[in-house]
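Written out below as structure tokens is the structure these notes cover.
No value in this document is a laboratory result; all are computed from the given coordinates. What you are looking at is a predicted structure, and each value in this text was computed from that prediction instead of being measured. Note that each Cβ is placed from the backbone with ideal geometry, even for glycine, and that neighbours are counted across all protein chains shown.
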Amino acid sequence: MSDWIYAVILGVIEGLTEFIPVSSTGMLLLSKQAMGLTGPFWDTFNVLIQLGAILAVVVLYFSRLWGVVLRLPSDPRARRFALSVIVAFVPAAVLGLLFHDVIKHVLFESPRVICTSLILGGVVLLLIDRFAPHPTRQDSMALPLGTSLAIGFFQCLAMVPGVSRSGATIVGSMLMGVEKRAAAEFSFFLAIPTMAGAFAVDAWKSRDQLGSANISLVAIGFVVSFLVALVVIRAMLAIITRRGLAPFGWLRIAIGGIGLALLMRG
């Protein structure tokens, strides 16, 4: 199969899974291994195309985000929202820089870790969906800084492939009393600096791998993930609003269970 077809497939998977709590990184790594894609480039590819999905958030929330930027000099609420995202971003930024090589070259290479994380995370989603504290905060753009910092520490759990960045931040938000739709939206906003930072670090560290042929593959995956994510973000919000986290919990358990069964047979 041609490399550009692999790039399209991985772009679709990234767009489908970046914002739903099933771990886009885990799905990409399992898919990469299932398709027999070896070498460091494909790990780098999986990180770089995530920026395409993040761009979908910027497009869909552009008016709200641009409004915040325009009001920063004059509106304390705009400055507080910007600061809340920065505060939530800091823990993952620090730990990501410190443990980048361990995460990429050790944890990324363990499909058993990914499948186990998918199953355990699915159980957590089912429990949170049923037993989460009563929400006291409805606005994703007006969270206290202490709440934002706690959510940032929850995001660090997603450094283990299979945990899910969106899942960890949504669960952390709901445990802190944030309403589930607002929790999902804050997860989207926090993804912007988090994934932009991951993109920058990985692009710099892997710059020697990015020749013209490889850059074209990244461009294909980037565009595909962006287009798919545009659709998925709205669908994901509708599902969480109407049915909660349970559908994603069962999906994680099913994927992780099938993956472990295949690994045991192999």
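Between the residues Ala158, Pro144, Ser216, the greatest Cα displacement towards the positive end of the dipole of the range 3-265, with unit charges on the Cβ of Lys, Arg, Asp and Glu, is found for Pro144.
Neighbours of Val58 by Cβ distance under 15 Å: Lys/Arg scored +1, Asp/Glu scored -1, total 0. Calculated translational diffusion coefficient of the range 3-265 (4 °C, 1.567 mPa s; Stokes-Einstein with Kirkwood radius over alpha-carbon pairs) equals 70 µm²/s. Packing-based ranking of 193-199, 37-43 yields 193-199, 37-43, ordered from highest to lowest mean Cβ neighbour count within 10 Å.
Could you please report the charge total around Ala82, scoring K, R as +1 and D, E as -1 over all other residues with beta-carbon less than 14 angstrom from its beta-carbon? Every neighbour counted, the sum reads +4.
Its Cα gyration tensor gives the range 109-264 an equivalent ellipsoid, and the semi-axes of that ellipsoid, as √(5λ) in whole Å with the largest first, are 28, 21, 15.
Please identify the helices of the chain, taking whole runs of DSSP H, that span at least 20 Å along their own axis as judged from the Cα atoms and have a mean Kyte-Doolittle score of -0.5 or higher. Can you show the working numbers first?
Numbers: long enough: 3-17 (21 Å, 1.37); 76-105 (42 Å, 1.03); 111-131 (30 Å, 1.62); 180-205 (36 Å, 0.63); 212-243 (45 Å, 1.84); 246-265 (29 Å, 1.28).
Long hydrophobic helices here: 3-17, 76-105, 111-131, 180-205, 212-243, 246-265.
Mean separation of Cα pairs under 8 Å and 6 or more residues apart, divided by the residue count, gives the chain a relative contact order of 38 percent. Computed from the C-beta positions of Gln138 and Ala196, the FRET efficiency with R₀ = 35 Å rounds to 0.80. Counting Lys and Arg as +1 and Asp and Glu as -1 over every other residue whose Cβ lies under 14 Å from the Cβ of Leu16, the net charge comes to 0. Descending by average beta-carbon neighbour count within 10 Å, the peptides 168-180, 252-264 line up as 168-180, 252-264, the highest first.
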